[in-house]
Amino acid sequence: FRGYCSRRLRRLRKTLNFKMGNRHKFTGKKVTEEILSDNRYLLLILMDAERAWSYAMQLKQEANTEPRKRFHLLSRLRKAVKHAEELERLCESNRVDAKTKLEAQAYMAYLTGMLRFEHQEWKAAMEAFNKCKTIYEKLANAFTEEQAVLYNQRVEEISPNIRYCAYNIGDQSAMNELMQMRLRSGGTEGLLAEKLEALITQTRAKQAATMSEVEWRGRTVPVKIDKVRIFLLGLADNEAAIAQAENEETKERLFESLLSECRDAIQAVREELKPDQKQREHSLENDSGKVSNIQYLHSYLTYIKLSTAIKRNESMAKSLQKALLQQQRSDEDGKRSPRPQDLIRLYDIILQNLVELTQLPGLEEDKNFQKEIGLKTLVYKAYRCFFIAQSYVLVKKWSEALVLYERVLKYAREVQSGAGAHRSSLKELPDVQDLITQVNAEKYSLQAAAILDANDPHETESPSQVKDGKPLSERFETFCLDPSLVSKQVSLVHFPPGFQPIPCKPLFFDLALNHVAFPPLEDKVEQKAKSGLTGYIKGIFGFKS
């Protein structure tokens, strides 16, 4: 945005011939009331202010890792306020209409509030924001609904800033209002996102100073890590926000936020679990047979993470079940409809999380905990078997689906018989009795569908529907409705082709050669000359035979 403002300024100055000198010399020019014949002169001042503000917002992000840039950020905000004051002064001219004057005043108040906000001058910032909010509310009431939408949007962006300033001044009720804003939106996404999260963290940090220990499953563990203290203090608020979420999208964002905070807390504990420290604490407590306090705290945080992941997947499963019940009505939509396989995957993840819960250090000897996890595992196994059976029903595998329904009933009866004293821990789980009722109804409908499918006359073979598996090249003479011919997996020929027998090349054996008598050839063969010393002497003296 900063680059856009710079390019827009260059274009405006070139169009209005309002250049600041040339490339060799700078000549400053100011926009005065006398040259306001064109409204684009006001845009020059506005773009200057917007460019300074956008640069300040860029530096605000960079200041998280480079604190020295905060001084440059404040300098840019002061520059933006200076340009906004110049814009407000020019808009007091008689050539400017009332609407523009009010918008300039609101813009000036907003930038002033932002500057005071960064200086942490809460009272002055709240006064400026309130002035800006009042002007935008009056403008929203004075114009049509289409134009009022923009002004109301600005009011919603400013309101969290006012609540934040009120809290820092000392109004404790403002904190509750900020939490409600965060709850309604599933996490603030406007300009105040970082400040609001910092406020919540700061408030919890003040409360964390008084928190020194936590009790879980009959054991009290000291909490010395600040990040873990802050997370544990905000756990109840986050769970309450999830329970009060208005829609699934908001609930999903809150689940992800809680899991992210939990992972950060676990990482902080892992850094404390150094080998030498773990060995020292283990040697001190080896006699009692218990894990160290820091290891037990790690198990507690891991339990929270896995339990939250199970709740999130269960929430997703419920929403998918609702969509699955309505998919017959929405078959004509272009969107992909949910399938039982999607639910099977979610329940597989839940069962995997339950297995990890049983392996947490320090809980191996806790019989009640292991019993609770075992009952929860049976519940989710029952639901997984149910949706596996549903997937078999879709492909008309009646016998497999019936066997799986019986397995669902078996798991459900085991849960009912083994619940006993653990019924309180099963209240948050899906009701097994409802599942038994649904399975019994599905069994009857499955049996009826299987009988109708076996006696369906439309399933008899007909020349137009029979497909024997042959490729198209082998059934040119037979008419057959084959939908695969227009799909990506069309069967035209057998490829690679199969082996076929061919005649072998003949072999010839010459048997008569062994019985042929050849004539003598000695008289036709030239005798080889004698060689050696005798022949050499005879050759010297001219004696030849």
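The values are calculated or read from the model by the stated rules, or taken from the named source; none is laboratory data. This is a predicted model, so every value here is computed, not measured. FYI the Cβ positions are ideal-geometry reconstructions off the backbone, even for glycines, and counts take in every protein chain you see. All accessible areas refer to the heavy atoms of the entire protein, side chains included, with ligands and DNA or RNA removed. Shrake-Rupley method; radii C 1.70, N 1.55, O 1.52, S 1.80 Å.
Brief remarks on what is shown
- Count Lys and Arg as plus one, Asp and Glu as minus one, and take only other residues whose Cβ is under 15 Å from that of K101; the net charge is then -2.
- If R0 is taken as 35 Å, the Cβ-Cβ distance between L325 and T358 corresponds to a FRET efficiency of 0.60.
- Relative contact order (percent, whole number), the stretch 1-86, Cα cutoff 8 Å, 6+ residue spacing: 31 percent
- Remark: the stretch 33-169 carries a charge dipole of roughly 560 debye about the Cα centre, counting +1 on each Lys and Arg Cβ and -1 on each Asp and Glu Cβ.
- With all protein chains modelled, accessible area of Y392 [1.4 Å, Å²]: 70 Å²
- Average Cα contact separation per residue, the stretch 50-124, under 8 Å, 6 or more apart, as relative contact order %: 27 percent
- FRET efficiency, H494 to E246 (Cβ-Cβ, R0 45 Å, nearest 0.05): 0.15
- When L87, L43 are compared by accessible area at a 1.4 angstrom probe, the order from most to least is L43, L87.
- Only protein heavy atoms count here; on that basis, with a 1.4 Å probe, L320 has an accessible area of about 50 Å².
- Trypsin sites (Lys or Arg not before Pro) lying in DSSP loop within the stretch 1-89, provided at most 13 other Cβ fall within 10 Å: K19, R23, K25, K29, K30, R68
- Overall form of the stretch 7-136 per C-alpha gyration tensor (a/c, 1.5; a/b vs b/c): oblate
- With R₀ fixed at 22 Å, the C-beta to C-beta distance from H24 to T100 puts the FRET efficiency at about 0.05.
- Near W216, the amide H atoms lying under 5 Å from its own belong to V221; only residues 5 or more places off or on other chains count, and H is placed 1.01 Å from N.
- Cα centroid separation - the stretch 35-101 against the stretch 341-400, whole Å: 59 Å
- Against the criterion of solvent-accessible heavy-atom surface with a 1.4 angstrom probe, F143, F1, F386 sort, most first, into F1, F143, F386.
- Exposure of I35 as accessible area (Å², to 10), given a probe of 1.4 Å and all protein chains: 50 Å²
- Segment R13..S484, full-extension length gain: 163.0 nm, with 0.36 nm per residue of separation and the alpha-carbon distance subtracted.
- Positive dipole terminus of the stretch 347-425, leading residue within L357, L404, L375 (C-beta point charges): L404
- Our summary gives the stretch 340-444 a relative contact order of 28 percent, counting only alpha carbon pairs under 8 angstrom and 6 or more residues apart.
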